[in-house]
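In what follows, a single structure is set out as structure tokens and then discussed.
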Amino acid sequence: MKKVRLVIAYDGTDFSGFQRQPEQRTIQGTLEEALTALTGEEVTIHGSGRTDAGVHAQGQVCHFTTTSPIPSEKYAYILRRMLPRDLSVLSSSKVPFDFHARKSACWKTYRYQIDTQPISNIFTRRFRTHIPYSLDLEPMRKAGELLIGTFDFTSFCSAKTEVIDRVRTIYDCRVIKDEQGLYIELTGNGFLYNMVRIITGTLVEIGKHHRSVEEIPQMIQAHDRTFAGPTLPPEGLVLMRVGYTPWEREDSMI
């Protein structure tokens, strides 16, 4: 018996999220089917987190156990030839039995990509949310700095969130201009349901001058979802990296 870690990437557009669901096309289900066919065993995948329908990943991490004699480092090569074009295994490696893709994770970095051009770019529309407005980046950056720290993020998660403990730590928040618009990158020790999409929705409203930077502390203290901004659509969101050593700023530099 051995435990294997996979680093995977996917275009989430045509998947019903990461988690296996009956009669739905999911990341977990697709991977498990391929691994079961490959090893001849009933394989269960454990991911670092459950991305929603339409959300993408560039560095999702998962693990499984197997008694198959296939060398751990060969799984990536073999699976890339078995899986559909919108799901790829970037690397595979043997890990200790105490490793767990979710429980061992120290931090995750998500990126939300926005197209601010007047006309949506048809070639990137699956990976960027079209918001055709001129956004003021400076107040967005100042607001992001106020979110860095350990807080109860109830105001920034879906009202459908089931977990009771909503305290999370954000290590870094960046608002970066690029050739097509901008992206917002958040690194934290964990994220609540829709938390990244609500934070980015709030920062966009600040960038439009519909809200002020000074409202951020009030939103945090309110513990009330109605105080924060809208939940942005899933297509702009990408899970970039998952870290298994304590976070340092240079670790999440690109």
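The values are calculated or read from the model by the stated rules, or taken from the named source; none is laboratory data. Since this is a predicted model, take the numbers as computed values, not measurements. Cβ coordinates were reconstructed from backbone atoms using ideal geometry, including for glycine residues, and neighbour counts include every protein chain displayed. Areas reflect the complete protein model, heavy atoms only, side chains present, ligands, DNA and RNA absent. Shrake-Rupley method; radii C 1.70, N 1.55, O 1.52, S 1.80 Å.
Test I199 against the criterion of being under 25 Å from D11 (Cα atoms), of a type outside the set (G, A, S), touching a residue at least 12 places away in the same chain (Cβ under 8 Å) and crowded, with 18+ Cβ neighbours inside 10 Å, and give yes or no. Can you show your working first?
Details: under 25 Å from D11 (Cα atoms): yes; of a type outside the set (G, A, S): yes; touching a residue at least 12 places away in the same chain (Cβ under 8 Å): yes; crowded, with 18+ Cβ neighbours inside 10 Å: yes.
So I199 passes the test.
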Inset, instruction - Please specify each residue of the stretch 73-131 satisfying the condition of being open to solvent by 100 Å² or more (accessible area, probe 1.4 Å), part of a loop (DSSP other than H, G, I, E, B), more than 24 Å from D172 (Cβ to Cβ) and among the basic types (K, R). - result: R81, R85, R125
Inset, instruction - Check whether at least one residue in the stretch 168-175 is under 30 Å from L6 (Cα atoms), modelled with pLDDT of 95 or more, surrounded by fewer than 22 Cβ atoms within 10 Å (Cβ to Cβ) and of a type in the set (D, E), and report yes or no. - result: yes
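Can you tell me which residue is surrounded by the most Cβ atoms within 10 Å (Cβ to Cβ) among those in the stretch 227-250 that are part of a helix (DSSP H, G or I) and touching a residue at least 24 places away in the same chain (Cβ under 8 Å)?
Residues of the stretch 227-250 part of a helix (DSSP H, G or I): 227, 234-236, 249-250.
In the following step, the residues that additionally are touching a residue at least 24 places away in the same chain (Cβ under 8 Å) were identified as 227, 234-236, 249.
Details: F227: 16, P234: 19, E235: 21, G236: 28, R249: 9.
Checked the stretch 227-250; the qualifying residue surrounded by the most Cβ atoms within 10 Å (Cβ to Cβ) is G236.
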Inset, instruction - Among the residues of the stretch 180-194, write down those that are assigned to a strand (DSSP E or B) and not β-branched (V, I, T). - result: G181, L182, Y183, E185, L186, G188
Legend entry - Conditions (1) touching a strand residue (DSSP E or B) at 6+ places or on another chain (Cβ under 6 Å); (2) part of a strand (DSSP E or B); number of the one not met by K177: (1)
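Taking the condition assigned to a helix (DSSP H, G or I), modelled with pLDDT of 95 or more and in the same structural domain as F123 (by the TED database), does R197 pass? Give the derivation first.
Values: assigned to a helix (DSSP H, G or I): yes; modelled with pLDDT of 95 or more: yes; in the same structural domain as F123 (by the TED database): yes.
Yes: the conditions hold for R197.
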Legend entry - Within the stretch 57-72, considering residues that are in contact with a strand residue (DSSP E or B) (Cβ under 6 Å, 6 or more places away or on another chain) and surrounded by fewer than 17 Cβ atoms within 10 Å (Cβ to Cβ), the one farthest from A9 (Cα to Cα): T65
